[in-house]
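> Dropping a structure here in structure tokens format, bear with me for questions.
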Amino acid sequence: MGELDVEAVEAAVAEDPDGVLPLLALMSRATDPVLRAKVQALVPRLVVERARSGPSGRIGAGRLRPTRADRGGDLDLDASLEAVAVARAEGRPAALDELTSLVWQRPSTAVCLLVDRSGSMDGERLATAGMAAAACALRVAESGGELSVIAFDRRAEVVVGLASPAEPRRTVERVLGLRGHGMTSLDAALRAAREQLAPARARRRITVLLSDCRVTDDVDPTAAARALDELLVIAPASDDDEARGFARRAGARVESLAALADLPVVLDRLLG
């Protein structure tokens with residue numbers, strides 16, 4: 001083994017991401033060291049490329065902010081008229097620092113992605129987690145925000161810390177390295193998300209929960225969920241009853257994910 005036709009793999013992913021990416025995610029654990037290294041180098045890039053397919057690629061809408069014209073932007077004629085009139089009265093041209101321009105200010109957002117790794121992290125779940133991480137990382141980067149990724153089962157583990165950011169591809173690599181474990185504690189995950197988001201500089205703080213929300217410990221996670229600023233839930237369409245019930249109790253927004261390729265669009269719809 002050890003052979004990998006990169007062009008053929010890229011074409012297959014473009015044609016059928018839901019069929020090919022889960023298989024590649026499993027191949028990243030191959031026993032053949034050469035093949036494993038090639039797949040581990042290739043898959044994060046492919047996942048990030050697929051995650052760019054969302055319609056916006058950023059969180060929220062930017063807004064125009066006035067600033068001095070010497071700092072860039074587009075000249076605001078209405079706001080600059082008074083300065084122009086004063087300069088003309090003094091027999092001189094108006095200086096740039098006297099004029100007003102408009103610049104786009106992107107929204108500042110902090111996102112904590114919670115990845116449910118309880119049970120078995122098969123190819124489909126691993127690929128979905130990787131795609132979610134890539135989509136969140138790209139949108140946070142485009143919006144000038146902050147990102148944390150936490151994997152959870154009975155306990156919560158910080159994969160990417162808010163204070164230690166990683167670029168999208170490296171974030172995906174870390175998520176694809178996750179292994180599954182037994183029980184599920186949503187309460188532990190949600191409390192960890194709140195701790196991660198507490199020092200965020202951003203005004204908007206969002207927790208994205210990727211899970212079927214089927215709790216296997218004895219702790220009701222509703223209080224921890226309601227303590228968060230904003231909770232968004234993405235659940236598998238084939239098993240979303242528990243997630244929808246939990247979202248209703250927690251006051252969260254929820255979307256069902258039917259296909260891996262739809263994840264960027266689903267995320268954008270929730271974040272909108």
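> Select from segment 111-138 the residues that are open to solvent by 20 Å² or more (accessible area, probe 1.4 Å) and not in a helix (DSSP H, G or I) and list them in ascending order.
Passing the criteria: Arg117, Gly119, Ser120, Asp122.
> For segment 139-187, which residues satisfy the criterion of being surrounded by fewer than 22 Cβ atoms within 10 Å (Cβ to Cβ) and part of a helix (DSSP H, G or I)?
Across segment 139-187, the qualifying residues are Ala141, Glu142, Arg169, Arg170, Glu173, Arg174, Asp187.
A quick yes/no check of all residues on (1) part of a helix (DSSP H, G or I); (2) of a type outside the set (Phe, Trp, Tyr); (3) modelled with pLDDT of 85 or more; (4) touching an Asp or Glu at 6+ places or on another chain (Cβ under 9 Å):
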| residue | (1), (2), (3), (4) |
| --- | --- |
| Val34 | yes, yes, no, yes |
| Ser53 | no, yes, no, no |
| Arg58 | no, yes, no, yes |
| Thr67 | no, yes, no, no |
| Ser80 | yes, yes, yes, yes |
| Ala83 | yes, yes, yes, yes |
| Arg92 | no, yes, yes, no |
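> Which condition from (1) over 27 Å from Ala261 (Cβ atoms); (2) touching a strand residue (DSSP E or B) at 6+ places or on another chain (Cβ under 8 Å); (3) assigned to a loop (DSSP other than H, G, I, E, B) is the one that Leu102 breaks?
(3)
> Could you check how many residues of segment 107-128 are among the polar types (S, T, N, Q) and under 18 Å from Leu190 (Cβ atoms)?
Residues flagged as among the polar types (S, T, N, Q) and under 18 Å from Leu190 (Cβ atoms) within segment 107-128 amount to 1.
> Name the residue, out of Ala225, Ala252, Ala198, Ala247, that is under 22 Å from Glu157 (Cα atoms), buried (at least 20 other Cβ atoms within 10 Å of the Cβ) and more than 14 Å from the chain's Cα centre (by Cα).
So the residue among Ala225, Ala252, Ala198, Ala247 that is under 22 Å from Glu157 (Cα atoms), buried (at least 20 other Cβ atoms within 10 Å of the Cβ) and more than 14 Å from the chain's Cα centre (by Cα) is Ala225.
> I would also like to ask the following. Being in contact (Cβ under 8 Å) with a residue 40 or more places away in the chain, hydroxyl-bearing (Ser, Thr, Tyr) and within 16 Å of Thr109 (Cβ to Cβ) is true for just one of Thr216, Thr184, Thr207. Which residue is that?
Matching residue, one of Thr216, Thr184, Thr207: Thr207.
The values are calculated or read from the model by the stated rules, or taken from the named source; none is laboratory data. These numbers were taken from a predicted model, which means no experiment stands behind them. Reconstructed Cβ throughout: ideal geometry from the backbone, glycine too, with neighbour counts over all protein chains shown. Side chains are part of the model used for accessible areas, which takes the heavy atoms of the whole protein and leaves out ligands, DNA and RNA. Shrake-Rupley method; radii C 1.70, N 1.55, O 1.52, S 1.80 Å.
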